[in-house]
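Worksheet for the structure shown next.
Every number in this text was worked out from the coordinates using simple rules, so none of it is lab data. Here the structure is a predicted model, which is why all the values come from computation and not from measurement. Neighbour counts are summed over all protein chains in view; Cβ atoms, including those assigned to glycine, are modelled from backbone coordinates with ideal geometry.
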Amino acid sequence: MYKHAIYECLISIQGPPSIFPRKIRKEQCHPAGLPIHNPHAPAVESIMKIQNLLPEAALRSLHSHSEGLSTAEAEKRLAEYGRNSIERRNKGHPLRIFSRELSSLLAIVLWITAVVVFSIAFIYAQEDMYPLGFAIIGVVLINAFFSFWQSLKAERAMEALQNILPVKSLVIRSGNWLSIAAETLVPGDIISLREGDTAAADIRLLESHSLRVDTSHITGESLPSFRHSEPDKSDDIFQARNIVLAGVRVVSGRAQGVVFATGTRSEFGKMAGLTLASEKKPSPLQHEIALVSKRVALLSIALGVGFAVLGVISGLPFNQSLLLGAAMIVANIPEGLMPTITLSLAFAAQRMSKRNALVRHLPAVEALGSTTVICTDKTGTLTLNQLKVKEVDWLAQNFDAGQFIAKKDFTAGENALLRAMLWAHSLMQSSSPQKAAIRKPPGESPRDAPGDTLSMSLGDPLEVALVTFANQCTFRKTEVEIKIETELELVSEIPFDDTRRRQSVIVGDKGGRALLLSKGAPEVMLARSSLRVNAQGTAEPLSTGDRDALLQRAESYARRGLKVLGYGQRRLPQDDYAKNSTAEDVEVELEFLGLVALEDPIRPEVPAAIAACHSAGIRVMMITGDHPETARSVAEEIGIFPNGTANSDPHSNPISNAEVILGHELEHWSATQLQLALEKNQIAFARVRANQKQRIVQALKDKKHVVAVTGDGVNDAPALRCADVGVAMGICGTDVARESSDVILLDDNFATIVSAIREGRGIYANIRNFMTYIFSSNVPEAVPFVLFMLFPIPLPLTILQILSIDLGTDLVPALGLGADPAGEKLMHEPPRGYGRHLIDRSFILKAYLWFGLWLALASMGGYFYVLLDGGWTWGQPVEPNSLLARQAATATLVSVVLMQIANVFLCRQQPFSVGNNLIILGVELEIVFIVAVMFFAPLQRILNTAQVTWTLFPVVFCFMGLMILGENLRRKVISKRLKLSPDSPAPRFGE
């Protein structure tokens, strides 16, 4: 066996304990809140950032040493700097949330009305008024319950998705390695990082061994990056290669570092704090409902007070005048509106969950339908977040990955490249059982072993992608070739680092022969290569022309946003490798094997989803922390940019030309410049940080856009919170991102957002439909009291009968309207945005002056028909509780309910289409209610109703038929005027 190690990358820190004072005062802290070195230390350290210092100086600046902090010192720092945890938003006690719902404007109006009713019952000893007062209070409680249920359900949906920073961390305390609770980490703790760990605090590395980290949740970079412990000249802590920030995951290697920021002082904590400081504004629907509630409340108060005053003036008793005012208030407030909206949104959310979209906040369902701009992350949303080999370049021949795999025979040169891909990686370094499974016979294919660990993408994703591809190719090798390669053994590894930009392994066989296999940046590999391997597997000179051509192809790959690696090999004479002591001695005179380009593949359904957004008038804007060339390439491939239009030249005019804009450029832009840039239809942002993304979203909102934002990382959380609709990833999303979101994609798929937008547009159309249905019944509920005050007639309708309509017969049909499926044509219409209100001129004309008028005519027609049929003459007094008075009021109630049966179909987008079971159920319940108020004695006593003559029904059916004919005629006239097809969604009245 080969025991000699070729290369060892190790920085040893064995300095003496710190001689500086142990007390850390607040004035000795950096602005970020982390302690600095003793003032007696060299002055240069006081003006340098921690990433600029040598490891020993960084350790001293934090008053720590190689033995770690003592237990007493750690406890003292914990008391001073606080726990290493992130503050969570106070969601409020459930009772406080419920009490808030009881004090809305509409609720206050109803509370006052209930007080008036109870006062009349008490002062005038009218005991029959008490049930009415309790009924009004019940309306308030029902509405509050549904709003409260919506908030409570949203928070419970998150309980199964909590995923915070690591619970335990391995640190040195008083010279001993201890596993401690991560929340007790303090600045100065020396911490260990190994493969699979997630950093629990901001860490300055002291030593590093082939450490590669995934920073996608913090910076947005899609590919893992290497980290080292040497001083870094960068002033940007996000770009410093010796810093591992909280929330960053280790994909391979190991390291030790010193904690320099914890909790809210860490970059993770700052981004979370920025999220908490961002107030969530009401969604378009919430804004509209608040506006509707305010207008309805003011109108109801005005009518109630006005009619009470008119009643007194006209000579009615004071208690009857007050009751008349209360009746007008109850008649004009749509008591069933909030339960219907809440339940309709809940049904829509349930439908969305079946399409992998979990709705946390119900108003977000409709807000998605109003979206005008989608700001989307790239990695994991537009792409699969799974590195795969895209193309292979060998001997000036370019192969698509699929073409290369499909080759029936591989040349000796191609086999040499595949052998390098199989062996030149760091997966073999691990001694874990999972990685041992990855190191398998080269002839075995993942296709033959579906449960293989490779297919589960364990380990460094770059290395796994390369080995997986090589195995997919090599399973066609001959038995002889497999036998030769299975006899190879790993001798040693020369790890990758940022300085060398390459990695090598030495493998040997039982005969003592050794082979160096190397991969790295193409320009580095070509610079160290003097030969290239031909098809026969033999080496031939690498000419300058060949070298230049290969560099050009590598640059072409990079411009397309691909990760490019070059491969080489060197045959080492028997035992010669053992005499060499440095990497520079063995990684020379390489035989170049070829180029391999990798990509994070686009999700196959994304281009069609982007096209659907464009068809729906929605702009899609990519905002990523990744490289601008990668952003440009992805934007072109998925259709955000037409091919060849993107410009990512940082020296170009940022307003007139740039379409791929770098995040750091925003720091120098004024608000006006950003507003002008956002006017472009084709734009993307790259290398963007959390505060910059939030600024972009706010700028879009300032331009009156309804903005949906997708994201999965801590860096996305502020923008998610700022957006009208925050959409977080459910699979790879962080806890902070999910808590900041309104919708969670359970499949991390952009196409799911498009389905949700369609559902949102459908629910807005449905809300207008059932609001038309609900508000149209307010007219026949109010008209009877107007006639009662103006003319000497019995009261045509009571308050309890009004409530039986609003919270009884109207509720289920309205829910049915809310459950109607979204029409196909909705995604070919422009978005609503903030420009269109729920209650506008067309709504008032249709609900009140069209359907409401028909219902009022039918109900009053039925009322007077029963009176006249019972022998009543104009001006004849009728006792309020007489049989004729009760029959006349019953006729009014029955007429309204019958007309609403026809109205529910006319309010649909496609009036008489089938398939809505809720509407059918609602109609059946309305019929049962009509029978019950006429024949069921207990209900008759409560509602003060009686049996009516059957001849009433033909009268009401005549009005029903006239309304249906009139509505069809109206639709045809408007459709002809707007040149719409007859089966189009119902046009708005008056347009």
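As a rough guide to protection, the peptides 931-938, 375-382 ranked by mean Cβ packing within 10 Å, highest first, stand as 375-382, 931-938. Couplings 3J(HN,Hα) of segment 68-80, computed from phi: x, 7, 6, 4, 5, 5, 4, 5, 5, 5, 5, 5, 7 Hz, in residue order, whole Hz [Karplus 6.51 cos²θ - 1.76 cosθ + 1.60, θ = phi - 60°; x for Gly and Pro]. Remark on Lys168: its backbone amide H falls under 5 Å from those of Ala182, a criterion applied only to residues 5 or more positions apart or on other chains, H modelled at 1.01 Å from N.
Place +1 on the Cβ of every Lys and Arg and -1 on the Cβ of every Asp and Glu in segment 163-272, take the dipole about the Cα centre, and give the residue among Ile237, Val250, Met271 whose Cα lies farthest towards its positive end. The listed residue farthest towards the positive side: Val250.
In this structure, the pairs whose alpha-carbon distance is over 26 Å, taken from Lys49/Lys76; Lys388/Lys680; Lys378/Lys701, are Lys388/Lys680. Here the 3J(HN,Hα) profile of segment 930-945, calculated from phi with Karplus coefficients 6.51, -1.76 and 1.60 at θ = phi - 60°, is 4, 5, 5, 5, 8, 10, 8, 4, x, 5, 4, 5, 5, 9, 6, 10 Hz, Gly and Pro shown as x. Taking the average, over residues, of other Cβ atoms within 10 Å as the packing measure, peptides 539-552, 817-830 rank 817-830, 539-552 from highest down.
Residue-wise HN-Hα couplings along segment 882-899, as the Karplus relation 6.51 cos²θ - 1.76 cosθ + 1.60 with θ = phi - 60° gives them from phi, are 6, 4, 5, 4, 5, 5, 5, 5, 5, 4, 4, 4, 5, 5, 4, 5, 4, 5 Hz; Gly and Pro carry x.
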